[in-house]
Amino acid sequence: MRRSRILGLGKALPDRVVSNFDLEKLMDTSDEWIRQRSGIAERRHVVPGRETTSGLAVKAAKAALDDAGVEARDLDLIVAATLNPDYFFPGIGVFVQEALGCDTIGALDLRTQCTGFIYGLSVADQFIRTGTYERVLVVGAEIQSTALDFSTRGRDVAVLFGDGAGAAVVGASEDEDRGILDTRLHSEGKYAKELWLEAPSAMIPRHEELAEGLTPRWYPAMNGRRVFTHAVRRFTEAIGEGLEATGFKPADIGLLVPHQANLRITEAIGKALELAPEQVYSNIHRYGNTTAASIPIALTEAVEEGRIAAGDLVVLAAFGSGFTWGSAVIRW
Ligand code: ACO
């Protein structure tokens, strides 16, 4: 049976480090509150106007192509995930295609927020397993910082998120026992408004929307407690489904690389699945929650740190706005 596997990984992080102490100067918050509730110590923010979401995506993509030893012209498809594209339309995929100098290949933008990379990986896996394509670029890129409210009013959301990008080149696996074994995708639109950004809206004529001025609708809003409860449940379910479909148990996991939502969520998942700390990867203290970019950044760093070896069972899982969630089980 033809399978796909990750041929190479890459990441791109803006240079500007923003610590919890830096945020204390902007809003009524504290390093202690942020660390205790989320595990985050610092995150990266772009210099507005100088770095773009597609620009971060391109940097991560180039690193992934280098790592894979694949030329951009040999890509067959680009799948790009972001919740804050350079422009309302078109999506960032076409800018990535142009900057990489690819042929006129397809560029597909995904809007599944924190679950974007899992959805992208699943799309790439389907195209490769069916033999339609040989090499697909999956990239998650986010600039959160330009869309957050850094006054005390927006503190519940603003302290959690950071900027960055991560990418994977996915290609055919020469060994049918290795590669992406299973992906699972889910959504539940009933909870769309529990974590969302309302404006700009196609339901309101632009002139009316602009006359209203800058209101909270222009900033992301989150029901933190509801997100927390659903996240722990759905992460755990998605991982369980993937393991069941592939005949493995939590004890077989070499490394779980979850979407870096919040350290408390990650710890709750580890506890629910009875995983040992060394089975779970976390780098949220350095970057905060980078939504669609968090899994490929974490995966890149886990490989760099020697936490993943050939033959290991690697499980990816995500949950986020939508609500959307999913998992991927990979034999590395
Ligand atoms: N600094 C200081 N105080 C704050 C901050 C802040 N940055 N943000 C909120 N608060 C205050 C609130 O105003 C509230 O004050 P009040 O009690 O006077 O009204 C109080 O802190 C809330 O405190 P807690 O109830 O202890 O907060 P809680 O334990 O619910 O934690 C949190 C809030 C961290 C948002 C939690 O609900 C959570 O982790 N939710 C998950 C959200 C998440 O991780 N989202 C990530 C994005 S989604 C995803 O990727 C899956």
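Does the stretch 230-242 contain any residue that is open to solvent by 40 Å² or more (accessible area, probe 1.4 Å), touching a Lys or Arg at 6+ places or on another chain (Cβ under 8 Å) and not in a helix (DSSP H, G or I)? No; the residues of the stretch 230-242 include none that is open to solvent by 40 Å² or more (accessible area, probe 1.4 Å), touching a Lys or Arg at 6+ places or on another chain (Cβ under 8 Å) and not in a helix (DSSP H, G or I). Look at (1) open to solvent by less than 50 Å² (accessible area, probe 1.4 Å); (2) without any contact (Cβ under 8 Å) to a residue 12 or more places away in the chain and you find that Ala63 fails only one, number (2).
A search for C-beta distances below 9 Å between a residue of the stretch 250-265 that is in contact (Cβ under 8 Å) with a residue 60 or more places away in the chain and among the basic types (Lys, Arg) and any residue that is more than 9 Å from the ligand (Cβ to nearest atom) and not in a helix (DSSP H, G or I), counting only pairs 6+ apart in sequence or on different chains, returns Arg264/Gly39.
Counting only helices (runs of 4 or more DSSP H) wholly contained in the stretch 5-81, the ones carrying 1 or more residues that are within 16 Å of the ligand (Cβ to nearest atom) and among the aromatic types (Phe, Trp, Tyr) occupy 20-24, 31-38. Looking at Ala211, Ala192, which is the one that is aliphatic (A, V, I, L, M), under 16 Å from Gln113 (Cα atoms), more than 9 Å from the ligand (Cβ to nearest atom) and assigned to a helix (DSSP H, G or I)? One residue alone meets the criteria, Ala192. Considering the stretch 270-289, the residues that are within 15 Å of the ligand (Cβ to nearest atom) and in contact (Cβ under 8 Å) with a residue 24 or more places away in the chain include one that is most open to solvent (accessible area, probe 1.4 Å), namely His285. Restricting the stretch 290-318 to residues that are at positive phi and part of a loop (DSSP other than H, G, I, E, B), the residue that is most open to solvent (accessible area, probe 1.4 Å) is Gly306. Contact map, the stretch 290-315: first residue closer than 20 Å to Gly242 by Cβ, second residue part of a helix (DSSP H, G or I), Cβ cut-off under 6 Å, separation 6 or more or different chains; pairs are Ala292/Gly116; Ala292/Phe117; Ile295/Phe117; Pro296/Phe117; Ile308/Ala302; Leu313/Asp252; Val315/Ile239. Restricting Val94, Val79, Val58, Val138 to those that are touching a residue at least 24 places away in the same chain (Cβ under 8 Å), over 30 Å from Thr215 (Cβ atoms) and either surrounded by fewer than 22 Cβ atoms within 10 Å (Cβ to Cβ) or out of contact with any strand residue (DSSP E or B) (no Cβ under 7 Å at 6 or more places or on another chain) (or both) reduces the list to Val58. Only one of the numbered conditions (1) among the hydroxyl-bearing types (Ser, Thr, Tyr); (2) open to solvent by 10 Å² or more (accessible area, probe 1.4 Å); (3) within 14 Å of the chain's Cα centre (by Cα) is violated by Thr246, and that is (3).
The values are calculated or read from the model by the stated rules, or taken from the named source; none is laboratory data. Just so it is clear, the model here is predicted, and its values are computed rather than measured. Cβ: placed from backbone, ideal geometry, glycine included. Neighbour counts: every protein chain shown. Remember, those area values only see protein heavy atoms, side chains included, never the ligands or the DNA or RNA. Shrake-Rupley method; radii C 1.70, N 1.55, O 1.52, S 1.80 Å.
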